[in-house]
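Step one of this worksheet: look at the structure below.
The values are calculated or read from the model by the stated rules, or taken from the named source; none is laboratory data. Since this is a predicted model, take the numbers as computed values, not measurements. Virtual Cβ from ideal backbone geometry, glycine too; neighbours counted across all protein chains shown. When the accessible area is computed, the model is the full protein with side chains, heavy atoms only, and any ligands, DNA or RNA have been set aside. Shrake-Rupley method; radii C 1.70, N 1.55, O 1.52, S 1.80 Å.
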Amino acid sequence: SDYDLRPGDVTELKRLFEHATTFGSLIQVPEELAEKLPALKQLSEATSQDLFVSEALKRLEPLVQQAELLAAQYDAVVANPPYMGRNGMEGPLKQFTKSDFPDAKGDLFACFIERGYSLAKERGLNSMVTMQNWMFLSSFQKMRERLLSKNTLKTLTQIGFNSFPTLNSKFALAAVYSLSTNRITGFVSSFIDLNSAPHAADKKAVFLERDEANSYQLSASEFKRIPGSPVAYRASTAVLNVFSTHTPIKDVLPVRVGMSTGDTPRFVRLWHEVDRQSFGPACENRESATDSPCRWFPYNKGGAVRKWYGNNEYVVL
(Lines give C-alpha, C1' and ligand atoms only; values in the text may rest on other atoms or scores of the structure.)
Protein backbone atom coordinates (compact mmCIF):
# COMPACT_ATOMS: atom_id res chain seq x y z
CA SER A 1 0.00 0.00 0.00
CA ASP A 2 0.93 3.69 -0.14
CA TYR A 3 1.66 3.59 3.60
CA ASP A 4 3.77 0.39 3.68
CA LEU A 5 1.40 -1.06 6.28
CA ARG A 6 0.01 -4.52 6.86
CA PRO A 7 -3.72 -4.93 7.59
CA GLY A 8 -2.89 -6.03 11.13
CA ASP A 9 -0.78 -2.96 12.07
CA VAL A 10 -3.77 -0.80 12.99
CA THR A 11 -5.29 -3.68 14.93
CA GLU A 12 -2.03 -4.16 16.83
CA LEU A 13 -1.91 -0.45 17.69
CA LYS A 14 -5.47 -0.60 19.04
CA ARG A 15 -4.70 -3.75 21.03
CA LEU A 16 -1.61 -2.09 22.54
CA PHE A 17 -3.78 0.59 24.14
CA GLU A 18 -6.69 -1.63 25.10
CA HIS A 19 -5.88 -1.10 28.81
CA ALA A 20 -4.18 2.28 28.44
CA THR A 21 -6.00 3.88 31.36
CA THR A 22 -4.75 1.09 33.64
CA PHE A 23 -1.23 0.42 32.33
CA GLY A 24 -0.37 4.04 31.45
CA SER A 25 3.23 4.73 30.50
CA LEU A 26 4.28 1.21 31.46
CA ILE A 27 3.12 0.29 27.94
CA GLN A 28 6.10 -0.43 25.69
CA VAL A 29 5.74 -0.07 21.93
CA PRO A 30 7.25 -3.08 20.11
CA GLU A 31 10.15 -2.14 17.85
CA GLU A 32 8.39 -3.46 14.74
CA LEU A 33 5.35 -1.30 15.44
CA ALA A 34 7.49 1.73 16.33
CA GLU A 35 9.03 1.54 12.86
CA LYS A 36 5.54 1.76 11.36
CA LEU A 37 4.52 4.87 13.34
CA PRO A 38 5.48 7.39 10.59
CA ALA A 39 3.29 5.48 8.14
CA LEU A 40 0.48 5.17 10.71
CA LYS A 41 0.71 8.90 11.38
CA GLN A 42 0.46 9.62 7.67
CA LEU A 43 -2.59 7.37 7.51
CA SER A 44 -4.23 9.10 10.49
CA GLU A 45 -3.81 12.48 8.80
CA ALA A 46 -5.40 11.29 5.55
CA THR A 47 -8.87 12.45 4.52
CA SER A 48 -11.72 10.41 3.15
CA GLN A 49 -15.12 11.18 1.68
CA ASP A 50 -16.44 8.04 3.35
CA LEU A 51 -17.94 9.10 6.71
CA PHE A 52 -17.12 5.80 8.44
CA VAL A 53 -13.52 5.83 7.19
CA SER A 54 -13.14 9.46 8.25
CA GLU A 55 -14.33 8.68 11.79
CA ALA A 56 -11.98 5.69 12.01
CA LEU A 57 -9.03 7.86 11.00
CA LYS A 58 -9.93 10.41 13.68
CA ARG A 59 -9.89 7.69 16.34
CA LEU A 60 -6.53 6.50 15.04
CA GLU A 61 -4.79 9.86 15.48
CA PRO A 62 -4.62 9.98 19.32
CA LEU A 63 -3.40 6.37 19.42
CA VAL A 64 -0.53 7.26 17.09
CA GLN A 65 0.33 10.30 19.22
CA GLN A 66 0.40 8.17 22.38
CA ALA A 67 2.57 5.54 20.70
CA GLU A 68 5.02 8.21 19.51
CA LEU A 69 5.43 9.52 23.07
CA LEU A 70 5.95 6.04 24.52
CA ALA A 71 8.31 4.90 21.76
CA ALA A 72 10.49 8.00 22.08
CA GLN A 73 13.61 8.09 24.24
CA TYR A 74 14.55 11.03 26.41
CA ASP A 75 17.71 12.56 27.84
CA ALA A 76 16.23 12.45 31.33
CA VAL A 77 13.35 10.58 32.94
CA VAL A 78 12.04 12.07 36.19
CA ALA A 79 9.11 10.55 38.07
CA ASN A 80 7.35 9.88 41.34
CA PRO A 81 5.60 6.70 40.18
CA PRO A 82 2.49 5.21 41.78
CA TYR A 83 2.87 2.64 44.55
CA MET A 84 0.74 -0.49 44.54
CA GLY A 85 1.70 -3.87 45.93
CA ARG A 86 0.79 -7.02 44.06
CA ASN A 87 -2.08 -7.82 46.41
CA GLY A 88 -3.81 -4.61 45.35
CA MET A 89 -3.62 -5.28 41.62
CA GLU A 90 -6.60 -6.42 39.59
CA GLY A 91 -6.41 -9.30 37.08
CA PRO A 92 -5.29 -7.52 33.87
CA LEU A 93 -2.69 -5.37 35.68
CA LYS A 94 -1.37 -8.34 37.65
CA GLN A 95 -0.97 -10.39 34.46
CA PHE A 96 0.60 -7.46 32.57
CA THR A 97 3.25 -6.80 35.24
CA LYS A 98 4.01 -10.52 35.49
CA SER A 99 4.59 -10.85 31.73
CA ASP A 100 6.31 -7.51 30.99
CA PHE A 101 8.15 -6.86 34.29
CA PRO A 102 8.68 -10.29 35.90
CA ASP A 103 11.50 -9.15 38.20
CA ALA A 104 9.68 -6.01 39.36
CA LYS A 105 6.11 -7.31 39.54
CA GLY A 106 6.01 -7.02 43.35
CA ASP A 107 5.06 -3.33 43.18
CA LEU A 108 4.08 -0.84 40.49
CA PHE A 109 6.84 1.58 41.46
CA ALA A 110 9.46 -1.11 40.72
CA CYS A 111 7.92 -1.67 37.28
CA PHE A 112 8.28 2.05 36.61
CA ILE A 113 11.95 1.92 37.64
CA GLU A 114 12.53 -0.67 34.93
CA ARG A 115 10.37 1.20 32.43
CA GLY A 116 12.59 4.22 32.99
CA TYR A 117 15.54 2.36 31.43
CA SER A 118 13.84 2.10 28.05
CA LEU A 119 12.39 5.62 28.20
CA ALA A 120 15.87 7.09 28.73
CA LYS A 121 18.47 7.24 25.99
CA GLU A 122 21.75 5.40 26.31
CA ARG A 123 23.81 7.44 28.79
CA GLY A 124 20.58 9.20 29.76
CA LEU A 125 19.44 9.84 33.34
CA ASN A 126 16.70 8.00 35.20
CA SER A 127 15.76 9.79 38.44
CA MET A 128 12.84 8.80 40.66
CA VAL A 129 11.34 9.07 44.12
CA THR A 130 10.17 5.58 45.09
CA MET A 131 9.57 3.39 48.10
CA GLN A 132 12.88 2.38 49.67
CA ASN A 133 12.21 -1.36 49.96
CA TRP A 134 13.66 -2.17 46.52
CA MET A 135 17.03 -1.45 48.12
CA PHE A 136 17.03 -4.55 50.29
CA LEU A 137 13.98 -6.87 50.00
CA SER A 138 14.68 -10.29 48.50
CA SER A 139 11.58 -10.00 46.28
CA PHE A 140 13.37 -7.24 44.33
CA GLN A 141 16.74 -9.00 44.20
CA LYS A 142 16.82 -9.68 40.45
CA MET A 143 15.59 -6.18 39.66
CA ARG A 144 18.17 -4.69 42.03
CA GLU A 145 21.05 -6.76 40.65
CA ARG A 146 20.21 -5.72 37.08
CA LEU A 147 19.90 -2.07 38.13
CA LEU A 148 23.36 -2.18 39.71
CA SER A 149 25.05 -4.17 36.94
CA LYS A 150 23.57 -2.51 33.83
CA ASN A 151 23.40 1.09 35.04
CA THR A 152 25.46 3.49 37.14
CA LEU A 153 23.87 4.59 40.38
CA LYS A 154 25.12 8.16 40.77
CA THR A 155 23.33 9.44 43.85
CA LEU A 156 20.83 8.03 46.32
CA THR A 157 19.22 9.61 49.36
CA GLN A 158 17.34 7.34 51.76
CA ILE A 159 14.59 9.60 53.12
CA GLY A 160 12.83 7.02 55.27
CA PHE A 161 10.27 8.21 57.79
CA ASN A 162 8.22 11.34 57.03
CA SER A 163 9.08 11.19 53.34
CA PHE A 164 5.69 12.66 52.48
CA PRO A 165 4.55 14.90 55.38
CA THR A 166 1.11 15.53 53.86
CA LEU A 167 0.34 11.78 53.90
CA ASN A 168 1.06 11.50 57.62
CA SER A 169 2.06 7.90 56.97
CA LYS A 170 4.66 5.85 58.80
CA PHE A 171 4.70 3.30 56.01
CA ALA A 172 5.56 5.49 53.02
CA LEU A 173 9.32 5.29 53.49
CA ALA A 174 10.95 6.65 50.35
CA ALA A 175 14.29 6.99 48.64
CA VAL A 176 15.30 9.30 45.80
CA TYR A 177 17.98 8.28 43.33
CA SER A 178 19.57 9.24 40.04
CA LEU A 179 21.26 6.76 37.74
CA SER A 180 22.83 6.78 34.31
CA THR A 181 21.62 4.15 31.86
CA ASN A 182 25.12 2.98 31.07
CA ARG A 183 27.73 1.20 33.14
CA ILE A 184 30.73 3.24 34.32
CA THR A 185 33.21 0.83 35.88
CA GLY A 186 34.50 1.91 39.28
CA PHE A 187 32.21 4.94 39.56
CA VAL A 188 32.03 6.17 43.16
CA SER A 189 28.41 6.85 44.08
CA SER A 190 27.16 9.31 46.70
CA PHE A 191 24.67 8.24 49.37
CA ILE A 192 22.91 10.33 52.00
CA ASP A 193 21.15 8.84 55.01
CA LEU A 194 18.18 10.84 56.31
CA ASN A 195 16.54 7.81 57.88
CA SER A 196 18.57 8.05 61.08
CA ALA A 197 16.96 11.41 61.93
CA PRO A 198 13.91 11.43 64.26
CA HIS A 199 10.83 9.96 62.57
CA ALA A 200 8.89 13.24 62.60
CA ALA A 201 11.84 15.40 61.48
CA ASP A 202 11.50 17.77 58.53
CA LYS A 203 13.53 15.78 56.03
CA LYS A 204 14.06 18.76 53.72
CA ALA A 205 15.72 20.64 56.58
CA VAL A 206 17.71 17.55 57.58
CA PHE A 207 18.93 17.22 53.99
CA LEU A 208 19.96 20.86 53.65
CA GLU A 209 21.65 20.95 57.07
CA ARG A 210 22.94 17.37 56.96
CA ASP A 211 25.86 16.18 58.97
CA GLU A 212 28.69 14.90 56.78
CA ALA A 213 28.73 11.81 58.99
CA ASN A 214 25.51 10.81 57.19
CA SER A 215 27.11 11.07 53.75
CA TYR A 216 28.78 8.04 52.21
CA GLN A 217 30.81 7.48 49.05
CA LEU A 218 31.50 4.05 47.60
CA SER A 219 31.17 2.09 44.40
CA ALA A 220 27.86 0.29 43.97
CA SER A 221 29.84 -2.76 42.83
CA GLU A 222 30.70 -3.30 46.52
CA PHE A 223 27.11 -4.37 47.18
CA LYS A 224 27.67 -7.53 45.13
CA ARG A 225 29.91 -8.80 47.92
CA ILE A 226 26.81 -9.23 50.10
CA PRO A 227 24.36 -12.03 49.16
CA GLY A 228 21.32 -10.50 47.46
CA SER A 229 23.22 -7.27 46.63
CA PRO A 230 21.34 -4.99 49.07
CA VAL A 231 22.11 -1.29 48.78
CA ALA A 232 23.93 -1.38 52.11
CA TYR A 233 25.82 1.88 51.73
CA ARG A 234 26.43 2.17 55.47
CA ALA A 235 28.29 -1.14 55.64
CA SER A 236 31.92 -0.61 56.62
CA THR A 237 34.84 -2.11 54.73
CA ALA A 238 35.28 -4.55 57.61
CA VAL A 239 31.67 -5.74 57.26
CA LEU A 240 32.01 -6.11 53.49
CA ASN A 241 35.19 -8.10 53.98
CA VAL A 242 33.38 -10.53 56.28
CA PHE A 243 31.14 -11.58 53.40
CA SER A 244 34.14 -11.96 51.09
CA THR A 245 36.43 -13.92 53.40
CA HIS A 246 34.22 -15.99 55.71
CA THR A 247 31.92 -18.97 55.24
CA PRO A 248 28.19 -18.15 55.25
CA ILE A 249 26.19 -19.62 58.13
CA LYS A 250 23.93 -21.42 55.63
CA ASP A 251 26.94 -23.47 54.50
CA VAL A 252 27.64 -24.60 58.06
CA LEU A 253 24.19 -25.37 59.44
CA PRO A 254 20.56 -25.09 58.30
CA VAL A 255 18.86 -21.78 59.00
CA ARG A 256 15.18 -21.88 59.91
CA VAL A 257 12.44 -19.43 60.72
CA GLY A 258 11.25 -19.65 64.34
CA MET A 259 7.94 -21.22 65.31
CA SER A 260 4.94 -19.92 63.37
CA THR A 261 1.52 -21.20 64.47
CA GLY A 262 -0.44 -19.90 61.50
CA ASP A 263 -3.32 -19.00 63.82
CA THR A 264 -2.09 -17.01 66.83
CA PRO A 265 -5.51 -16.35 68.47
CA ARG A 266 -6.21 -20.08 68.48
CA PHE A 267 -2.88 -21.48 69.62
CA VAL A 268 -1.21 -18.75 71.72
CA ARG A 269 -2.12 -17.39 75.17
CA LEU A 270 -0.51 -15.28 77.85
CA TRP A 271 0.91 -17.52 80.58
CA HIS A 272 -1.65 -16.43 83.18
CA GLU A 273 -4.59 -17.29 80.91
CA VAL A 274 -4.14 -21.08 81.12
CA ASP A 275 -4.62 -23.64 83.88
CA ARG A 276 -1.37 -23.97 85.81
CA GLN A 277 -1.75 -27.74 85.92
CA SER A 278 -1.72 -27.90 82.11
CA PHE A 279 1.35 -25.62 81.75
CA GLY A 280 4.69 -27.37 81.33
CA PRO A 281 7.58 -24.90 81.76
CA ALA A 282 10.26 -27.50 82.51
CA CYS A 283 10.00 -29.99 79.64
CA GLU A 284 13.46 -30.44 78.13
CA ASN A 285 12.46 -31.90 74.77
CA ARG A 286 9.57 -33.07 72.59
CA GLU A 287 9.46 -36.52 74.17
CA SER A 288 9.15 -35.26 77.75
CA ALA A 289 6.44 -32.82 76.63
CA THR A 290 4.52 -35.70 75.00
CA ASP A 291 4.78 -37.85 78.13
CA SER A 292 3.61 -35.05 80.44
CA PRO A 293 -0.07 -34.24 81.12
CA CYS A 294 0.57 -30.64 79.97
CA ARG A 295 -0.96 -29.00 76.91
CA TRP A 296 0.67 -25.54 77.05
CA PHE A 297 4.39 -24.80 76.77
CA PRO A 298 6.61 -21.65 76.83
CA TYR A 299 6.68 -19.71 73.55
CA ASN A 300 9.35 -17.10 72.82
CA LYS A 301 7.35 -14.79 70.63
CA GLY A 302 9.41 -11.64 71.10
CA GLY A 303 8.06 -8.24 72.08
CA ALA A 304 9.30 -4.87 73.26
CA VAL A 305 13.02 -4.28 73.74
CA ARG A 306 14.23 -5.30 77.20
CA LYS A 307 17.87 -4.85 77.95
CA TRP A 308 18.63 -7.83 80.20
CA TYR A 309 15.82 -10.33 80.46
CA GLY A 310 12.15 -10.73 79.74
CA ASN A 311 9.42 -11.30 77.13
CA ASN A 312 8.60 -14.71 78.66
CA GLU A 313 4.92 -13.87 78.34
CA TYR A 314 3.36 -16.39 76.00
CA VAL A 315 2.52 -20.06 75.92
CA VAL A 316 1.63 -22.18 72.91
CA LEU A 317 -0.74 -25.12 72.57
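Give me the accessible area per residue for region 84-236, probe 1.4 Å, as a whole number in Å². The partial results should precede the final answer.
On the way: 7450 Å² over 153 residues.
Per residue, region 84-236 has an accessible area of 49 Å².
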Note to self: To test your reading of the geometry: what angle, between 0 and 90 degrees and rounded to tens, separates the Cα axis of helix 51-71 from the longest principal axis of the chain?
What the structure shows: 50 degrees
Note to self: I need the per residue convex hull volume for region 146-270, using only the alpha carbons, in cubic angstrom as a whole number.
What the structure shows: 203 Å³
Next item on the list: Would you grab the residues whose amide H sits under 5 Å from the one on ALA76? Only those 5+ places off in sequence or on another chain, please, with H modelled 1.01 Å from N.
Entry: LEU125
Next item on the list: Count the lysine pairs in region 1-155 whose Cα atoms lie under 16 Å apart, taking only pairs 8 or more positions apart in sequence or on different chains.
Entry: 9
Notebook entry, point to check: Per the 1.4 Å probe, what fraction of the accessible area of the chain, in percent, lies on carbon and sulfur atoms?
Noted result: 54 percent
Next item on the list: Place +1 on the Cβ of every Lys and Arg and -1 on the Cβ of every Asp and Glu in region 56-144, take the dipole about the Cα centre, and give the residue among PRO81, SER99, LEU119 whose Cα lies farthest towards its positive end.
Entry: SER99
Next item on the list: With a 1.4 Å probe and all protein chains in place, put CYS111, CYS294 in order of accessible area, largest first.
Entry: CYS294, CYS111
Note to self: Amide H of GLU313 versus every other amide H placed in the peptide plane: which residues, excluding those fewer than 5 positions away on the same chain, fall under 5 Å?
What the structure shows: LYS301
Margin query: Sequence gap at least 6, Cα distance under 8 Å: using those rules, report the relative contact order of region 205-317 to the nearest whole percent.
Written below: 18 percent
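Let me have the 222 nm mean residue ellipticity of the chain computed from DSSP H runs of 4+ only, each contributing -39500 (n - 2.57), with the sum over all residues rounded to the nearest 500.
Values: 11 runs with 106 residues, N = 317.
It comes out at -9500 deg cm²/dmol, rounded to the nearest 500.
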Item checked: Backbone HN-Hα couplings from phi across region 219-224 [Karplus 6.51/-1.76/1.60, Hz, Gly and Pro as x] -> 7, 5, 5, 5, 5, 5
Next item on the list: Just report the Cα centroid separation between region 166-231 and region 60-135, whole Å.
Entry: 21 Å
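How long is the gain from VAL78 to HIS199 if the chain were fully straight, where each residue apart is worth 0.36 nm and the alpha carbon distance is subtracted?
On the way: separation 121, 0.36 × 121 = 43.56 nm, distance 2.65 nm.
Going from the current span to full extension adds 40.9 nm.
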Notebook entry, point to check: In nm, to one decimal, how far is the ARG59 label point from the THR22 one, both placed 7 Å along Cα→Cβ?
Noted result: 2.0 nm
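Can you give the % of DSSP beta bridges in the chain that are antiparallel, to the nearest 5?
Working: 26 of 36 bridges.
Bridges in the chain that DSSP calls antiparallel: roughly 70 percent.
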Check: If you take the C-alpha gyration tensor of the chain, multiply each eigenvalue by 5 and take the square root, what semi-axes do you get, largest first, in whole Å?
Finding: 51, 28, 19
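Could you work out how much longer the chain between LYS142 and SER99 gets when fully extended? Use 0.36 nm per residue separation minus the Cα distance between them, nm to one decimal.
Numbers: separation 43, 0.36 × 43 = 15.48 nm, distance 1.51 nm.
Stretched fully, the LYS142-SER99 segment lengthens by 14.0 nm.
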